[in-house]
Amino acid sequence: MKFLDPRVHRVLDGEEPRESLDLALRRQVERLDQAAALLASSLEQASVADRVMTAIRRPAPAHTHRFIHWLVTPRAIVLRVRPAWSLALAAGLLAALLLPLPESRVALREGEGIAQFVARFPGAHSVAVVGSFNDWQPESTRLEDPDHDGVWGASVVLPAGAHEYMFVVDGERWIADPLAERFVQDDYGRENSVVLVQPARVSHL
Amino acid sequence: MKKGEGPSDAEVVATILAGETEAFGIIIRRYEPGLLRYATRMLGSRDAAADAVAEGLVRAYRHLASCRDPTRLRTWLYRIVANRCKSELARRPTASISLDDAPPVPDPESVETTLERAEQLALVERALAQLSPDKREAFVLKHVEGMSYEEMAAATGERIPTLKMRVHRAREALLRALEEVE
Amino acid sequence: MRLQLLLLCLASPMAAQSVRARLEGRVPAEVIPTIDSLVQTAAAESLPAELLVQKAIEGGAKHVAPEYIVVAVRVNLDQLRRARNMLVDGGDKPPTTAEEVATLNTALKRGLAPPTVARIVEALPAEPRSAAFHAVADLVGHGFDQDSAADLILAAASMGLRGERLLDVADKAILELQSGRGYTEALGTVQSQLPQVSTTKVPDPSGQAVRPVQQAPRSRP
């Protein structure tokens, strides 16, 4: 392996002036400078400013706002189980679930929990979740978007443990959960999302 | 940011934390070009870079109060974006990147020079893509983003001797790749 | 306010029906015999054969070419054997249950390297290991290196943390990372706080404390 003369490194690190080098070494410095200059100047890239400002102008992240809204109106709960980025969200909603609620007691069997699926697909006409728990059949578990605001959700009783899943949009687009942070290869060239269902801590909901 | 050009980072951060959301636009304008450049070199794709930088900036805004030293905002932003790039790279089957969607932009000179520059750039980009992510990052931060080793240490969380070694190895690898063509 | 839960109560995945009956209509007919045979082989080896049935049905639902479904089922059978062998080699008292094999297999699929898996198996000999595997895999998925990730989770386990608490530990380190800390710093911060892993005091995802804009009302006290 060919090493560079340490003097070249010292010049490039700004520790010595380049005039201290002979021509051959100076040529090496210049080649690297040129390479860096090319890399620095070559990219014209569209600004992400609009995208960022739009995201931060929202009064709260769309997810939080819609989830809370979802809770207090009579419909299916829309939540996700333990996504790393929304721990606070999960904690807040779990606390809400623990409030005594009439007519909503569901007896979960030993070793069962609730998996909550939610995704944003504005403009979609139907969204289903498919996975190992429903033989990957889109007709089986449809998500709902009663507000027609593009936020779809459903909650499903599942055995505790890991389950692979995807969403099917409009009956034909198969998409891994954009909000999921756990993935596995599906051995068919794509990725499945993974949800970890915890056994329910409360005996009633 | 050059001296004398508008408010300091610390002043802008204070303004944002006091409730002036729109002032974050100043931060974006100041640091976006460098962050996009860096992320594109790390990920090999403009789209992936735009995603990483946009998400990183949104996260930076939301956690602005936890930036412990607003005078070092730049390195703090680089660290957030670097972490996103690393997460993305870790998710890919191999650490190598392709440069399919980062074509060089011809500059307004003669066609000959433009072609020559394009070829040179392609050569350099290929050589860069062959470096491991650590060395690629080190070279980009040092020579393209112009950071000092201290700034690089703050941005990456690595020790300076480690960074120096990576930069040195990156230079050697690049030079070797460039000279092979001659 | 009334809340209605939409629930699906699902039949146990180990419902007693023949494999072929489950595959019929879901998987191209020409490959059902081959897949059935592979499933029976797995069952005979006390491996979680149900996973192979699900993998085949998944391929059918995804409209994968029949030959690729067979390949995937074969590959998964090999993976299950590898997982079982890792457990036995690791000194697990036989018989290893199909469930344990399935858990280990998931860990490997989530990207854990065999040495990492072996470390966890050795460190938690009599424990449910599933949460430990997923916690380490979560960290690895966010770019932490395998050894350091395992160090943190096993340290937490050695302090008595189990199950969801281990996932909390991983989540905390990931949050630290996403707040701008480096990998080493993130792990160090969480490690120094063990066994405390607060799941209540987490950064508000909607922003920092000083925010004059309206926030969605939080329903928790």
Exercise. Among rounded, prolate and oblate, which fits segment C:22-109 when a ≥ b ≥ c are the square roots of the eigenvalues of its C-alpha gyration tensor, a/c under 1.5 means rounded, and a/b larger than b/c means prolate?
Worked result: prolate
For this session: Rounded to the nearest 0.05, what FRET efficiency do residue A:27 and residue C:18 give with R0 = 56 Å and r taken as the Cβ-Cβ distance? Could you check?
Result: 0.15
Seminar exercise, completed: residue B:160 and residue B:29 label points (each 7 Å along its Cα→Cβ direction) are spaced in nm at 3.5 nm
Problem set entry | Computed FRET value (nearest 0.05) for residue B:10 with residue A:109, which takes r as the C-beta separation and R₀ as 41 Å | 0.10
Problem set entry | Ranked list, fewest to most other Cβ atoms within 10 Å of each Cβ, for B:32, C:24 | C:24, B:32
Exercise. Among B:180, C:127, which comes first, then next, by fewest other beta-carbon atoms within 10 Å?
Worked result: B:180, C:127
Seminar exercise, completed: With +1 on the Cβ of every Lys and Arg and -1 on the Cβ of every Asp and Glu, the dipole magnitude of segment C:113-198 about its Cα centre, in debye rounded to the nearest 20, is 120 debye
For this session: Could you tell me whether segment A:105-205 comes out rounded, prolate or oblate from its Cα gyration tensor? Rule is a ≥ b ≥ c as square roots of the eigenvalues, rounded for a/c under 1.5, then prolate if a/b exceeds b/c, otherwise oblate.
Result: oblate
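Could you tell me the calculated FRET efficiency between residue C:78 and residue A:173, based on Cβ-Cβ distance and R0 = 56 angstrom, to the nearest 0.05?
0.95
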For this session: Going by C-beta contacts inside 10 Å, put B:175, C:51 in order with the fewest on the left.
Result: B:175, C:51
Exercise. Between residue C:63 and residue C:99, what is the spin-label point distance in nm, taking each point 7 Å from the Cα along the Cα→C-beta axis?
Worked result: 3.9 nm
Exercise. Across segment C:144-150, in residue order, what do the Karplus-derived ³J(HN,Hα) couplings come to in whole Hz, using 6.51 cos²θ - 1.76 cosθ + 1.60 with θ = phi - 60° and x for Gly and Pro?
Worked result: 5, 6, 4, 5, 5, 4, 5
For this session: Anything over 21 Å Cα to Cα? Flag those among C:62/C:109; C:109/C:172; B:135/C:172; B:142/C:172; B:86/C:62; B:86/C:172, in the order listed.
Result: C:109/C:172; B:135/C:172; B:142/C:172; B:86/C:62
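Any read-out appearing in this document is the output of simple, stated calculations on the displayed coordinates, not a laboratory observation. Treat the numbers as computed from the prediction; the structure is a model and nothing was measured. Counting neighbours? That spans all protein chains shown, and the Cβs are built from the backbone with ideal geometry, glycine included.
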